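Encoded as structure tokens, the structure appears first; notes follow it.
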Amino acid sequence: MNMARVQSPLVPTQNIVPRNYAEQSAELRVLKDEIVGHVQHKEQWVQKGILETVVNTLQNSTPSRSRSNGKETANYATTSGGLSDDELVRLLCLQILASISCGGPSFLSPLHAVGVVPVTLSYISPNENPPQVVLTALRIIRNIAEATSAAPPGSDDLDVLADALFKREHVGSLYSILVQASADLMVQEQKRLVSALIARLCKEDTHQNPLTDGGILDALATILASFIVARGEVIPEAEKLAQKDGLADMIPAPALRGASLALTLEAISAIILNSRFRCCMFLYSPAILALLPLIEFTPVSKEPRASWSPDVPGIGGASRKSFGAMDYLLPLIPTSHLKSSSSQLTQFPSTGLSRNVFSSRRSQTYKFTGLDPTSEDSDVADHPESPVVPWLIYVVRSTSGFERVAAASVLTSLFKAGLTSPEREQALACLVVPLLCDLIKEHQKDVPASVQQATFIESDMERDWAILEKTPEVLARLVGASECLQISAHECGIIKTTAKLLKDAYEPMTSPLIPKPWTPNPDRNMSSAESSAACRLGPPGQVPLYAHKIKMRYSALTLVAGMGMLRDDYRKEAASQDLVPFIVESLAARPGKPQSPKEKAASAKEGRDRAGVSAYGHNPNRVIIAACNALRCLGRAVSVLRTTFLDHDVWQPVNKLMKHPNSVVQIQACTVVINLLATSSPMVEPLLGAGISKVLCEQAHSLNPGLRLNSMWALKHLVLGFENSQKKQLLEELEPGWLVQLISDDSSEEDTLHTRQRRSTDADDDEDMDAEASDEEESHSWVWSGMNNNPRRMNSTRMQKAEARLTALREADLNPARKARADATSIQEQALGFIQNFIVNPDKPSDQTELVDFLFSELGENRLFGILADKLKVRVVGAYGRRYSKTRDTVVLYPQAKIIMHITYILVHIAASIPRHRQLVIAQTELLKLLGGHFTSSSVEVRRALCHLFANLSCLEDDDDRQHCKQRALELEKLGVLSKLEGLERDDTDLDVRERAKAVVAQFKAPTIV
Amino acid sequence: MSNWQPYQQGHLDPDFAFREHIFAQFRQAAQRQSQAGPMNSSTSTATAKHAFEARLRDTKTPKNDINALILDYLTMEGYPGAAANFSKEANLAPQQEDPSIKTRQQIQHAIHSGDIETAITALNALDPDILDKNPELHFSLLRLQLVELIRQCNGGDIAPALDFATQQVAPRASMNEQFRTDLERAMSLLFFDHNTKLSPELQDLLSSDLRRRTATKVNEAVLVRQDQRREAAIRALVRMRAWAESSARSSKKKDLPSDIDIGLSDAVEFQELTETNGHEPMITT
């Protein structure tokens, strides 16, 4: 009757005597019954060394199987019933491990000591193991993932776990699990567990790409498709089309009992995050293509939906072309006058300061894709939006809770990847953003006191927390780059909500650690120093509430950043919510009490500074990074910079972070510094005092392109406000040779890239990428598995189009040369900007002359002009490009507008000094000829800059200059500049450019002294 | 009926709602019958004339759907034999084969007969994850086991009960305020003669209702594990009907008969439903 009476039947010895399986299972069963649910029993058994025994028993019961024979494959899918004796032993061993791993973070170190992760992972293949075994093995991994996220700071090994799980051989097993057709509930739970693991662990390219290539994304899309079928939302006539294209076999049965829509969406969202290629892979999954094709749709009867018809006056026929069947499930959205964000961004005035939004947005996304915006636009025009987008909007509207968030998350990725039609932005603003805002508000509840120290959270509350953690992140990602969506979120009062989220996350806690349970024998402490690692328990973990709060800090900070991305008034509003002290504390690994400067001063006086620090816990790096991001966005508002930031001495913690051991944190800290060093900032002085210029110059020499980029950017800001002597000193510190290197990186770029690439793949243990880098032929032959060698599919134009697009996007996404080139270009842009700001000194023209001369002497004038001319040429990259590209042997690179602009402004400033310099510029015939080719540039900035330049060149200094001036005009006329300027004066679309051109032409014809 | 309380998580006990509703119907039916016969017929004709009733009569419910609903109920609540017979009789494909249905029945039986250890072992054999991931359920079972032990030692040797409480229940209970209170209450049973008049809380612990509630919780937990659906579909339907009626009544348009019959006014039929609905028949074993 009494379980406590059961005495240890298993003697934990290293080498268990092989007995028959029946005996073993009887003992294991008793052991299982004793430990399930009882943490203390688990502890005692682990301290007795049970883990090694169990793992040994497990492995001894496993016959060394020949993996090559696939005969066993079919066995398990059908016979889920009886287990053989050895299988039963295995199952029981795994169940015991699962139960122990469920005990919490303190069991992690003994479990890892017996290598529980690799051991367990050898049992997850459904082709080699019975379903119960697979299920239990997956549960162990889940338990370990859960324990790891609750483990105390410093042992954040989720990435290690992800690396182990997403290895190629296991990806194959995961795939097999997901494609099982069985309706067995156990199989369904396996699928749910796999989805949940992907959603939790898959965060980086090195995991996302193998999962995509391994077919997991397609398998998940197929499960999603089964929900489309179950919900009855297949597009009319899709089946007919699918027949034609050979996709009919991809139409799945309706979703089975036990399948989870939310988890499936979440897993998909985790895989496609931050990549256009993977987003497209999802859209072009065969099952999705089969169910949601692009078909012209005419509603059977117009009558009941008369009000939905696009012909209704006032709605405007503009959106008619995008009216697919799926759109009839959504309410009509009136087209708004708000332009989409991208068009607004290009109109953003760009000054020599170049603190403009567009480039910063690029820098933020530079790691995602190397595509330049122009080619993206044409891409959108070629490929109409997939009906998946309206379907997802419909799902967001028709579901609730976590399904809603997960659907919105997938939708957001598609939106960010530019795979939605431009009209869709308005629909998102009206239909999705308010729902997400409401979701946050609904789940923002006070935490009851009983939960403070609770080690177990009821599933309802757990779900609420998960929603609350995830939604702000999704919302931030969604609204980040779109003004229209930000306005919508703002109207929902999201800034105030965010402030509350962040403040709640800093409510002090008594203790973040899991309390020890009461024990009947307190003095029996088995763990002594000499016992082996497998018997020693680790430190206790954190209570769930604490982990929740840390996640909320991250989410709330991300949302602050998202809302502060574009508009000054939102930044000011956020700052007025007293958020800054909380953000500042989030910069510290060990935060103190967030307080206003006044309170801080008072508490410092009383000497109770930093008392009870542990009440605020420990901020992991991701919180610190999110805080940097928030500060960067708020810091774009000058008024915030000059008031709130100054009051809170923001520069101090940021400066400290510049020397953080983690390079990602350094990069993010540097982005804050960029804004703090703007000329209007009052924090330049203290930062200089703290030696920021030295740090930045060091970082400009870093191997990490992100650091090079941001430090050059910061230096560019810094140099603008300097006196001549300071400027010269700074250039010396940066080393003129290095600056030249940075701006002339092109020729050497491909080589350095390759050495760099090798190095990084060597360090990287991801086999997939390794194989690709080492085997040239293999990289050529990426084949879209969607074709599946099906002749019908291969003949279908729809499928061919999809394949072509995927191949191109894959190239764009995964080609490291392309990525490195994008990095190099952004760095060049900043370095050229640095030169531009270096020589400018609007107040004292004489100083400017001095600076130009200094620059020439340091860099060499011919070399400088030579490099600048090189930048303006069209480059053809062939040698290495071929390796990665299947379709094109060479890549033609046109100079980018930003680069042209910076070069032009450098010349503008040189030409603005004395006639001698002007003569120097005019002598650069080749350079001017190249520039003349850009009068037709699509960028207004470039055209305006060119007008500036030629205005300066045609400028008449004094009477002595008259002769030279005439000569210059003649020179320019020879180059055909005059006629082009006249063309601008006549035809340019921009009024400002027309006016400037007019002035220049007049100056040419009748020079007057200015 | 008074001892049916919403269970601890703060949800409405579905059993409670369901039965409450049916009993209300029952009371009304009984009231009608106890009233004078001719009056009864006159009221029924009056209500029958109501537009709503007419619409109700015109609505045809497919028999198959109703049968499926009944089969679902039998399967979910753990009556494998009845479910098998019913599906044969109603010519339905048996609902998805549920390997756990037998085990669930065994577990229920063990709990109802006070053999908690067997129930725990069976539950662990079915799926050890259930108790590991659901401390509340585990504690409920342990407490019930403790109560059973105390019941057994009534007046005799209390050592087994004390020992069990110390070794098994107390560590689990120490982590949670509510568990602690519950454990203390259960322990106080040791000090009283169970045949005397006890406080209602203690009486409650000794009543067979505790077994029944715990058994229901276990059944639901197993179902949630497998299916994410914890109760028979008919329960949701009944709740939906109650909600629909009350919201229809609170709306402005009160075009409804004064009371809407659930369709079980026939007393004989009704008796049967209450029989099969509860677990009472099983307890008698």
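The values are calculated or read from the model by the stated rules, or taken from the named source; none is laboratory data. Since the structure is predicted, the reported quantities are computational estimates derived from the model, not experimental observations. Ideal geometry is used to build each Cβ from the backbone, glycine not excepted, and the neighbour counts take in all protein chains shown. Surface areas here come from the heavy atoms of the whole protein model, side chains and all, with no ligands, DNA or RNA. Shrake-Rupley method; radii C 1.70, N 1.55, O 1.52, S 1.80 Å.
Here are the numbers for the structure shown:
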quantity: Stretchable slack from A:Glu685 to A:Asn724, in nm (0.36 nm times residue separation minus alpha-carbon distance); calculated: 12.4 nm
quantity: Charge dipole (debye, nearest 20) of segment A:804-1005; +1 at Cβ of Lys and Arg, -1 at Cβ of Asp and Glu; calculated: 1280 debye
quantity: Computed lengthening from B:Phe52 to B:Asp259, 0.36 nm per intervening residue step minus Cα-Cα distance; calculated: 73.4 nm
quantity: FRET efficiency for A:Glu442 and B:Ala159, using Cβ-Cβ distance with R0 set to 56 Å, rounded to 0.05; calculated: 0.60
quantity: Sites A:Arg962 and A:Arg792 - FRET efficiency at Förster radius 56 Å, r taken between beta-carbons, to 0.05; calculated: 0.10
quantity: Cut-off under 5 Å, modelled amide H: who pairs with A:Leu513 long-range; calculated: A:Val543
quantity: Interface A:B - total buried accessible surface [probe 1.4 Å, Å², rounded to 100]; calculated: 3500 Å²
quantity: Zero-based 10 Å bins, Cα pair distances in segment B:101-225, whole percents; calculated: 13, 45, 34, 8, 0
quantity: Sites A:Glu237 and B:Arg249, calculated FRET efficiency, Cβ-Cβ separation with R0 30 Å, nearest 0.05; calculated: 0.10
quantity: Average beta-carbon neighbours from other chains, 10 Å sphere, peptide B:63-72; calculated: 0
quantity: Solvent-accessible surface (1.4 angstrom probe) belonging to A:Lys974, in square angstrom, nearest 10; calculated: 150 Å²
quantity: Estimated dipole of segment B:101-225 in Debye, rounded to 20 [Cβ of Lys and Arg +1, of Asp and Glu -1, Cα centre]; calculated: 340 debye
quantity: Solvent accessible area, Å² - A:Glu458, 1.4 Å probe, full protein context; calculated: 90 Å²
quantity: Cα→Cβ-extended label distance, 7 Å offset, between A:Ala253 and A:Val874, nm; calculated: 5.8 nm
quantity: Space enclosed by the convex hull of the alpha-carbon atoms of segment A:641-717, per residue, Å³; calculated: 70 Å³
quantity: Phi to ³J(HN,Hα) by Karplus 6.51 cos²θ - 1.76 cosθ + 1.60 over segment B:167-172, Hz, x for Gly, Pro; calculated: 7, 9, 8, 4, x, 5
quantity: Amide proton proximity set for A:Leu893, modelled H, under 5 Å, gap of 5+; calculated: A:Arg875, A:Val876, A:Val877
quantity: Rounded accessible area of A:Ser532 (nearest 10 Å², 1.4 Å probe); calculated: 50 Å²
quantity: Packing-based order for A:234-243, A:96-105, using average beta carbon neighbours within 10 Å, highest first; calculated: A:96-105, A:234-243
quantity: Compactness of segment B:142-214, expressed as Rg and Dmax over alpha-carbon positions, Å; calculated: 11.6, 33
quantity: Computed magnitude of the charge dipole of segment A:954-1010 (debye, nearest 20; Cβ of K, R +1, Cβ of D, E -1); calculated: 240 debye
quantity: Inter-site label distance for A:Glu861 and A:Arg567 at 7 Å from Cα along Cβ, in nm; calculated: 5.1 nm
quantity: Rg/Rh for segment A:804-1005, where both radii come from Cα atoms and Rh is the Kirkwood radius; calculated: 1.04
quantity: Whole-Å semi-axes of segment A:84-160's equivalent ellipsoid (Cα gyration tensor); calculated: 24, 12, 9
